[in-house]
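Heads up: the structure comes next, in structure tokens.
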Amino acid sequence: MPTKCITRHRGASSQNRVRHPSDIHLTLSAIALCVILSTWGKTEAWGKTEARGKTEAWSKTEALRHSTRTPKCSPKTERIGLFIHRTPRLSSVSSPSGLSTDDLWLTAQLTEANALFREIGVCFYIQDDLPLPISESVMATRAQRTALGRGKRRLHRGQIELFIVNRLEDVDVEDTEIRGVHWRDPRDRKGRRWVILSRIARAKVLAHELGHYFGLPHSKYLRSIMNKKPRRSPPMKDRGFVDDEYKIMKRFWRKMKRSGHLKPAS
């Protein structure tokens, strides 16, 4: 509460009263004390407001970070952190059946990815969950994809960046929407790269894009999730990586660890 400074004069009015030097000294001292107390009160109020704002912001971040249930990693795997960057979710987004919220959708993506990467001893977990502005919720151009990773504090060495948007357009085919992409910065295609997922992505799309991150091209194996060709057989639940692909992934995994591009959590 602001400190109120009130001065009162006894007897004659201040206009008619002859002040003694000691009175003047006391008055000036009182005014100085009043200013100090008033400033302290404002500073204390500002400090409380600032602290409360930081606490509320931290609480929201922590709630967002822990709302998604990261599947437990096997003791035999090495854990790689994912920095999640997500835009606000629009109600118009048509999500896969049964995955109508970000929490359900992201948990499904992580569950599938971890099940498939267990073979090479890798498990992914959410290192942090950071908000993106709504202005970045639609990726329509190559420049926009690149700008995602060039933002301030967007890339974290040793971890994988995952950007989640509402719409990801095919930059090669007009008026076509895609589900995910493994994107490289043209300035540094080896060292600066990230994954972008649209919220329409089915549960194994993150695993597919991480397959690219671990060195895989698209393939023609019918059982592989790296095969983009539409087909009914085998069913999606039976698709994954094949042995030849796992060999490539293991080699790239060792290479990324040696270079420090990826650093397993201790």
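A simple count of charges around residue 91, restricted to other residues whose Cβ falls under 14 Å of its Cβ and scoring Lys, Arg +1 and Asp, Glu -1, yields +2.
Each part gets one Cα centre, and for segment 210-241 versus segment 138-182 those centres are 21 Å apart.
For residue 192, the residues whose modelled amide H falls within less than 5 Å of its own, excluding neighbours fewer than 5 places apart on the same chain, are 185. By the count of other C-beta atoms within 10 Å, a proxy for reagent exposure, 182, 208, 85 are ordered fewest to most as 182, 85, 208. The 3J(HN,Hα) values that the Karplus relation (6.51, -1.76, 1.60; θ = phi - 60°) gives for segment 243-248 are, in residue order, 4, 4, 6, 4, 4, 5 Hz. Gly and Pro appear as x.
Near residue 147: Cβ cut-off under 11 Å, other residues only, Lys/Arg at +1 and Asp/Glu at -1. The net charge is +2. Once you order the gyration tensor axes a ≥ b ≥ c over the Cα atoms, which shape class does segment 69-259 get: rounded for a/c under 1.5, otherwise prolate or oblate by comparing a/b with b/c? Rounded is the answer for segment 69-259, as its axis ratio a/c remains below 1.5. Full extension of the segment from residue 229 to residue 248, taken as 0.36 nm per residue of separation minus the current Cα-Cα distance, would add 4.7 nm.
For segment 158-165, putting each phi into the Karplus relation 6.51 cos²θ - 1.76 cosθ + 1.60 with θ = phi - 60° gives couplings of x, 10, 10, 9, 10, 9, 10, 10 Hz, in residue order, rounded to whole numbers and with x for Gly and Pro.
Since every read-out is calculated from the coordinates, none of them should be taken as a lab result. Note that the coordinates shown come from a computational prediction; the quantities given were computed from them, not determined experimentally. For neighbour counting, all protein chains shown are included, and Cβ atoms are generated from backbone atoms with ideal geometry for every residue, glycine included.
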